[in-house]
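Heads up: the structure comes next, in C-alpha cells.
The values are calculated or read from the model by the stated rules, or taken from the named source; none is laboratory data. Every value quoted in this text rests on a predicted model; they were computed, and no experiment measured them. Quick reminder, even Gly has a Cβ in these numbers, built from the backbone with ideal geometry, and neighbours come from all protein chains shown.
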Amino acid sequence: MKEPLRITVTGAAGQIGYAMLFRIAAGEMLGIDQPIILQLLEIPPAMNALDGVVMELQDCAFPLLRRVVPTSQPEEAFSGADFVLLVGARPRGPGMERKDLLEANGAIFTGQGKAINDYASKSVKVLVVGNPANTNCLIAAHNARDLPPEQFSSMTILDHNRATALLAERTSVHIDAVENLAVWGNHSATMFPELLSATVGGTPALELVDFEWYRDQFIPTVQQRGAEIIRARGSSSAASAANAAIEHMRLWSLGTNTVTSMGTVSRGDYDIAEGIVYSFPVSCSGGKIEIDKTRTLDDFCVDRLRLTEKELLEERDAIKHLL
Ligand code: NAX
C-alpha cells in the first residue's frame, strides 16, 4: 500500500469545500490506490461548521481516508502538504471596490504563501481557486520565496469545461469530440475562450460555427457563465467548481492526454508580460505544467489576449506592495 499523501483544503466548510472533500476522499483526485490525509483550514467562526463536515467525512468510512485534521492554524494545515487547494477567500462585500477585494485577499494569500513556504513539502503543488484567483496565485507564489513559482497554478478548467460543453452542444457532438480549445488570461469577464485552434471531430471548429456566433454569443456566454449560475441558483457555482479543481490536480499530478487550460506564471510565451499568472493552453506530464507553444494566433486572438493581460497587469499593480 502506498504511503498517504497530505492534501490541504482551505475554506473547507464553504460550498466548494463541501462539494469537493467527499470526492477527494473517495479517490477521485489521486486515484483509488492512493491513501490520503485531509488537512482542512478554516477561519475560527467557521470551525463549528467544519466540525460537521469532518463528522460527515467520518460517517462515510472512506477506505482511503487515513486522517482528517480540522484547524484554524495555517502552520498545522500546511504541515507536510503534498497538495494544497486554496479555496477560501474573502468574498466581495457591499460597497467593496475591486481594489478593496484585491487588498483583502492579498493579506490572506500573503500569509498563506509564507506558511506554505515554511511548512509544506518542498515539492508541493498549489492550486488557487479563491477569487481573484490569478492574482491571489501570484501573491501566494511570490510569498513562498523558496519554492519555484511553477508549483503554483490558478484555476480556469471550469471555464475550459464550460466552453467545451457549449461548443459541443452547438455542433451536436459529445464533448469528447472537442479538442484543442483553450481559455486564455484572467478568470474574469475578460477571459478569452479561443476557438481558432479548436477542432470538433478533427474539423476546425470555426468551419462548423459562424464567426458571429463565436464572437457575440460563445465568448460572452463563457465569460458570464458564473453570473448566470448565480442568477439561477441564488449562489455561485460550487459542484462544477469543485469538479474542476479535482480535475486540475488530477491532470497536474497524473498527466493529460489532451490540451486543457491552467493559470501559470508567464515566462513571456505569446508575448504575455513575464511574471503575471495567466491562463494558457497546457498539457501536463511528469508532474509539470507545459504551455502549448505551437499555436498560430490571428489579430482577433491577439487583441483578446492583450485585453485580459491588461487587466492582470492592473491587478498586479494594485497589489505590488505585497510582492
Ligand atoms: P464560500 O463563501 O461558500 O466558502 C468560502 C470559505 O472560505 C468560507 O467557509 C470561509 O469561512 C472560508 N475562508 C475565508 N477566509 C479564509 C481564510 N483566510 N482561510 C481559510 N478559510 C477561509 O465560497 P465558495 O463558493 O466555496 O467559493 C470559494 C472561492 O472560490 C470564492 O473566492 C469564489 O469566488 C471562488 N470561485 C472560483 C472559481 C474559479 O473558477 N477559479 C469558480 C467558483 C468560485 O466562484
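Computed values, structure above
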read-out: Those helices (runs of 4 or more DSSP H) lying entirely in the stretch 1-101 with at least 3 residues closer than 27 Å to Gly263 by Cα and under 22 Å from the mean Cα position of the chain (by Cα); value: 15-25, 74-78
read-out: Among residues of the stretch 1-38, those that are in contact (Cβ under 8 Å) with a residue 60 or more places away in the chain and either away from the ligand (no atom under 16 Å from the Cβ) or on the phi < 0 side of the Ramachandran plot (or both), counted; value: 21
read-out: Selection count where residues are near the ligand (Cβ under 8 Å from one of its atoms) and within 12 Å of Ser153 (Cβ to Cβ), scope the stretch 123-137; value: 3
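Conditions (1) modelled with pLDDT of 95 or more; (2) farther than 20 Å from Ala241 by Cβ; (3) more than 12 Å from the ligand (Cβ to nearest atom); (4) out of contact with any Gly (no Cβ under 8 Å at 6 or more places or on another chain), marked per residue:
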residue: His142; (1), (2), (3), (4): yes, yes, yes, no
residue: Leu147; (1), (2), (3), (4): yes, yes, yes, yes
residue: Asn161; (1), (2), (3), (4): yes, no, no, yes
residue: His174; (1), (2), (3), (4): yes, yes, yes, yes
residue: Ala177; (1), (2), (3), (4): yes, yes, yes, no
residue: His187; (1), (2), (3), (4): yes, no, no, no
residue: Pro193; (1), (2), (3), (4): yes, no, yes, yes
